[in-house]
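Notes follow once the structure below has been shown.
The values are calculated or read from the model by the stated rules, or taken from the named source; none is laboratory data. None of these values were measured; they are calculated from a predicted model. Ideal geometry is used to build each Cβ from the backbone, glycine not excepted, and the neighbour counts take in all protein chains shown.
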């Protein structure tokens with residue numbers, strides 16, 4: 001019987017012949033046997049393909065091809081660079097859920113050398129076409145549930161280990177960047193297309209890859225982490241609880257976990273799906289940075305209800321929307337000022353179609369917009385950009 005490295009070499013050759021998208025990308029990775037015991041299946045850091053020899057020997061040749069395809073998709077999707085401080089194991093699971101429908105779709109295409117994934121891989125139809133960030137946010141609802149192909153109490157599915165669940169390793173210094181892998185993925189897609197061997201599942205992925213100029217989830221996470229985790233005590237933001245006593249004191253919130261504000265445009269332009277995606281991603285960020293409190297404010301032409309305070313142990317859950325009138329943004333900023341809430345930053349979900357304050361607040365603002373356009377101050381990201389892959 002051939003050794004594990006030889007079997008991987010054969011798998012890569014077969015991929016080049018009949019699944020050239022995966023084969024061309026697989027040739028970019030150095031094949032390295034893991035002898036440390038850290039890798040139970042296969043893993044990649046964007047430069048190398050690590051493998052557990054016993055695992056490889058337990059697979060059929062088509063399954064080895066499937067696992068190699070799976071690993072190169074982590075690179076093509078830039079998963080090593082997109083973790084952004086998320087829990088490592090949970091991020092691996094989310095990325096596997098994003099990848100496996102594409103690989104399985106390729107496996108169903110007609111070809112000379114068949115390609116398949118081992119039994120027990122992470123797969124759930126509800127995650128098809130969703131980004132790893134979206135899946136990560138929604139895994140809270142299914143974490144701990146066991147079943148075929150779903151994480152159980154030990155975080156792995158039944159049967160053989162989930163391909164790739166050991167490891168997307170963080171990108172190694174000197175490895176090709178996420179942008180370089182995107183270029184490589186486009187070149188591989190062109191080669192496969194010219195050979196008439198680019199399955200529909202991959203064709204759709206490549207289209208999403210080129211449309212995704214920015215992933216709003218990554219941008220939102222970076223913004224909140226930057227202004228919450230790197231915040232500090234400041235005399236500019238006096239402690240609201242002491243104002244009534246006439247004392248002007250620096251903010252009393254924790255240096256690393258100050259409050260944040262979240263505003264919802266309730267004018268009727270935000271769909272339930274967009275609201276759900278926004279709240280789910282925001283909840284996962286809150287779980288990580290653990291702000292002292294989250295001020296939730298809803299506003300159409302006016303603030304529609306008293307703000308709701310969420311604490312680290314609380315869940316945002318399904319936000320009940322009030323209002324559905326016209327759109328003005330000034331009331332939110334007036335409301336924050338009048339009540340001395342002083343958030344470290346404000347996240348505003350909106351369509352940007354309304355009147356803005358004439359004076360920029362002294363705290364940073366990120367506008368998460370469902371439409372194109374740019375707010376006159378703060379940072380603007382677009383909810384639907386980078387939604388796939």
Before we move on, is residue 86 in contact with a helix residue (DSSP H, G or I) (Cβ under 8 Å, 6 or more places away or on another chain), surrounded by fewer than 22 Cβ atoms within 10 Å (Cβ to Cβ) and under 30 Å from residue 220 (Cβ atoms)?
-> yes
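Every residue, every condition in (1) at pLDDT below 50; (2) closer than 18 Å to residue 28 by Cβ; (3) surrounded by fewer than 21 Cβ atoms within 10 Å (Cβ to Cβ), yes or no:
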site	(1), (2), (3)
136	no, no, no
142	yes, no, yes
147	yes, no, yes
157	yes, no, no
171	no, yes, no
176	no, yes, yes
184	no, yes, yes
189	no, yes, no
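Condition check ((1) within 22 Å of the chain's Cα centre (by Cα); (2) not in a loop (DSSP other than H, G, I, E, B)) across all residues:
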{"position": "337", "(1), (2)": "no, yes"}
{"position": "352", "(1), (2)": "no, no"}
{"position": "358", "(1), (2)": "no, no"}
{"position": "363", "(1), (2)": "no, no"}
{"position": "366", "(1), (2)": "yes, yes"}
{"position": "373", "(1), (2)": "no, no"}
{"position": "376", "(1), (2)": "no, no"}
Exactly one of 105, 120, 37 is outside any loop (DSSP other than H, G, I, E, B) and surrounded by fewer than 20 Cβ atoms within 10 Å (Cβ to Cβ), and that one is 105
Note: among 58, 53, just one is out of contact with any helix residue (DSSP H, G or I) (no Cβ under 9 Å at 6 or more places or on another chain) and either surrounded by 21 or more Cβ atoms within 10 Å (Cβ to Cβ) or in contact (Cβ under 8 Å) with a residue 24 or more places away in the chain (or both), namely 58
> Does at least one position in segment 214-235 carry a residue that is in a loop (DSSP other than H, G, I, E, B), out of contact with any helix residue (DSSP H, G or I) (no Cβ under 7 Å at 6 or more places or on another chain), within 30 Å of residue 27 (Cβ to Cβ) and modelled with pLDDT under 75?
Replying inline: yes
Counting only residues in segment 267-277 that are part of a helix (DSSP H, G or I) and more than 12 Å from the chain's Cα centre (by Cα), the one surrounded by the most Cβ atoms within 10 Å (Cβ to Cβ) is identified as 275
Taking segment 288-308 and the residues there that are more than 22 Å from residue 354 (Cα to Cα) and touching a strand residue (DSSP E or B) at 6+ places or on another chain (Cβ under 6 Å), the one that is surrounded by the most Cβ atoms within 10 Å (Cβ to Cβ) would be 291
